[in-house]
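The values are calculated or read from the model by the stated rules, or taken from the named source; none is laboratory data. Keep in mind the model is a prediction, meaning the values are calculated, not measured. Heads up, the Cβs are rebuilt from the backbone with ideal geometry, glycines too, and the neighbour counts pull from every protein chain shown. Please note that ligands, DNA and RNA were not included when accessible areas were found on the heavy atoms of the full protein model with its side chains. Shrake-Rupley method; radii C 1.70, N 1.55, O 1.52, S 1.80 Å.
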Amino acid sequence: MSALVWFRRDLRVSDNHALYRAVASGGPVTAVAFVTLQQWLSHNDSPGKISFWLANLQILAERLAALGIVLHLERVADFAAIPDAISRFAIKNSCNALYFNSEYESNERQRDEAVSKSLARQKVKVFAFADRLLIEPGRVLTGSAGYYTVFSPFKRSWLGVAKISDLSPLPAPGAVAAPVKSGPLLTAEMKAEMQLPGWRSDLWPAGEAAAQKRLAAFAGTGLAKYHESRDFPAIDGTSCLSPWLACGALSPRQCLSAVRPDDKKWPAEGSGGEAWLSELIWRDFYTHVVVGFPRVSRSQPFQKKTAGLPWRDDERDLQAWQNGQTGYPIVDAAMRQLNQTGWMHNRLRMVAAMFLSKHLLIDWRRGEKYFMESLLDGDLAANNGGWQWSASTGTDAVPYFRIFNPFSQSERFDTDGSFIKRYCPELADITASALHNPAKLAAELAKKKISYPAPVVDHKIARERALAAFKNL
Ligand SMILES: Cc1cc2nc3c(=O)[nH]c(=O)nc-3n(C[C@H](O)[C@H](O)[C@H](O)COP(=O)(O)OP(=O)(O)OC[C@H]3O[C@@H](n4cnc5c(N)ncnc54)[C@H](O)[C@@H]3O)c2cc1C
């Protein structure tokens, strides 16, 4: 039997279930990946994220070549073209079994169903594996066999399932043949057509080795203090692993191994490891939500009645937010971090998302789209979950009346203002206390003749406006 492995968002050789099982089948193995630029753009994938994916794919091709496996890169417009393209590819390369790791979003599931049907007609067997999450959707259900909508009971139930599951990572498979040569995957024509910019490769070098290095560094120094340092954007308090997790250069089981090095003990309550594990469980949770309630991935709010919120259509305010020019230093620093690096600290994602959806009362979907268009780690489930949480329209969302005051947030989480000053250098000479107080800030800006926008909206007025909008639902 000749096996074909289809790589999507699982760009690694270690702990890759589809690859491992294809190699274990014992015959020759070929690999394929598809560039689907139109589809990616319709999903609002950022150019940096696409470049990062391609760079990871190139490194994967080199690692596969060392195992005797050739990775072919095929270009089609969108997912709809893949069933025919993969059938043709399988026939041309005499493959009689296809291996891939499951993806759970609606378009991806439809694509995979169409591929399975198309290959069945060609008598090619299809093997799909649970690989992307720690526990796949359908295995963590409520007493009435439904999907959870609240995180805490989901987590309890998740832990119950995890404790009886083998979550240890698989090793990289052995070679199937002598090493083969691997050249550049992208032709000059593809490069010219896509015209993709780079990404911050100094912060996120491509490849699973780079991801493993970061994971080891975080496990060695950051993990134990994670619960104490994770909310402070000026320090390296979180792992920054999300871009590698998003393209699959790193697996969640490899992350779990950092928390449970001996594969037996779960982290102690209140420890850094436990707090980090919770974040990995949030990652599972939001993907389960997308499967259980597919409307959320079709731009619908989870809480149906919030569809009636009177969102403001204000391009000027939207642009001020996008460009980091709102006059709220912590929001502006956050948005500039996103624009400059393709990544934003989690605390700031909540602050920035709540500012757009509550202070500016601009539709959360516009912010969700802008984040996707900008993030290296853009992920439909996590992004949608985070936005609907912040906008109080989602599962287990923040109550609508709990509206963060950005000035209090920065006072608490960036007390000395060092994060703000890193991304808003024009505020370098402003005292820390003024960064957290609008009246003092205005006075110092005037006195020191510093050019920085006045707040686009007053916090109290904005708060009242948002509360009224939700109360009137
Ligand atoms: C409005 C908003 C939008 C977001 N958009 C995305 C997105 O597009 N892609 C994305 O991966 N995360 C998203 N998140 C979740 C979170 O902000 C990022 O995963 C995290 O900041 C990544 O940094 P890290 O790798 O240092 O995380 P760590 O704190 O080190 O956490 C480890 C991993 O757990 C996962 N994780 C952590 N927090 C969450 C969470 N709240 N929900 C789901 N998974 C989580 C990520 O894979 C992360 O890499 C969003 C959150 C909000 C509030």
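Identification of helices (runs of 4 or more DSSP H) wholly contained in the stretch 295-383 with 3 or more residues that are more than 16 Å from the ligand (Cβ to nearest atom) and out of contact with any helix residue (DSSP H, G or I) (no Cβ under 9 Å at 6 or more places or on another chain) yields 315-322.
Matching residues to (1) within 19 Å of M190 (Cβ to Cβ); (2) in a helix (DSSP H, G or I); (3) touching a residue at least 24 places away in the same chain (Cβ under 8 Å):
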| residue | (1), (2), (3) |
| --- | --- |
| D10 | no, no, yes |
| A22 | no, yes, yes |
| L41 | yes, yes, no |
| L60 | yes, yes, yes |
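In this structure, is L245 under 24 Å from L376 (Cβ atoms), outside the structural domain of R349 (by TED's automatic domain parsing) and near the ligand (Cβ under 10 Å from one of its atoms)? Against the criterion (under 24 Å from L376 (Cβ atoms), outside the structural domain of R349 (by TED's automatic domain parsing) and near the ligand (Cβ under 10 Å from one of its atoms)), L245 qualifies. Here S201 clears all of (1) open to solvent by 30 Å² or more (accessible area, probe 1.4 Å); (2) away from the ligand (no atom under 15 Å from the Cβ); (3) more than 18 Å from the chain's Cα centre (by Cα) except the condition numbered (3).
Just to be sure I understand, how many residues within the stretch 63-79 are in a helix (DSSP H, G or I) and surrounded by fewer than 16 Cβ atoms within 10 Å (Cβ to Cβ)?
1
For the stretch 136-153, the candidate set comprises residues that are farther than 17 Å from T395 by Cβ and surrounded by 15 or more Cβ atoms within 10 Å (Cβ to Cβ); within that set, the residue that is farthest from the chain's Cα centre (by Cα) is R139. For the stretch 80-123, a residue qualifies if it is in contact with a strand residue (DSSP E or B) (Cβ under 9 Å, 6 or more places away or on another chain), among the small types (G, A, S) and surrounded by 16 or more Cβ atoms within 10 Å (Cβ to Cβ), and the qualifying residues are A81, A85, A90, A97, S102, S116. For the stretch 154-208, the set of residues classified as small (G, A, S), closer than 25 Å to N339 by Cα and part of a loop (DSSP other than H, G, I, E, B) consists of G198, S201, A206, G207, listed by residue number.
Here the stretch 255-271 is the region considered, the condition is being open to solvent by 20 Å² or more (accessible area, probe 1.4 Å) and in a helix (DSSP H, G or I), and the residue that is nearest to the ligand (Cβ to nearest atom) is A258.
The rows are residues; the columns are (1) surrounded by fewer than 17 Cβ atoms within 10 Å (Cβ to Cβ); (2) out of contact with any Pro (no Cβ under 7 Å at 6 or more places or on another chain); (3) in a helix (DSSP H, G or I).
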site	(1), (2), (3)
D429	yes, yes, no
S433	yes, yes, yes
K440	yes, yes, yes
A443	yes, yes, yes
A446	yes, yes, yes
I450	yes, yes, no
P453	yes, yes, no
V457	no, yes, no
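Considering the conditions (1) open to solvent by 40 Å² or more (accessible area, probe 1.4 Å); (2) more than 16 Å from the ligand (Cβ to nearest atom), P173 is excluded by exactly one of them, (1).
When A211, A188, A192 are checked against the criterion of being closer than 30 Å to S257 by Cα and either among the hydrophobic types (A, V, I, L, M, F, W, C) or within 13 Å of the ligand (Cβ to nearest atom) (or both), A211 stands alone in meeting it. Here Q388 meets the list (1) polar (S, T, N, Q); (2) open to solvent by 40 Å² or more (accessible area, probe 1.4 Å); (3) part of a helix (DSSP H, G or I) almost entirely, failing just condition (2).
Being within 16 Å of the ligand (Cβ to nearest atom), modelled with pLDDT of 95 or more and more than 26 Å from E368 (Cβ to Cβ) is a property that I281 lacks. Taking the stretch 384-423 as the range and being within 12 Å of the ligand (Cβ to nearest atom) and over 29 Å from E108 (Cβ atoms) as the test, only F404 passes.
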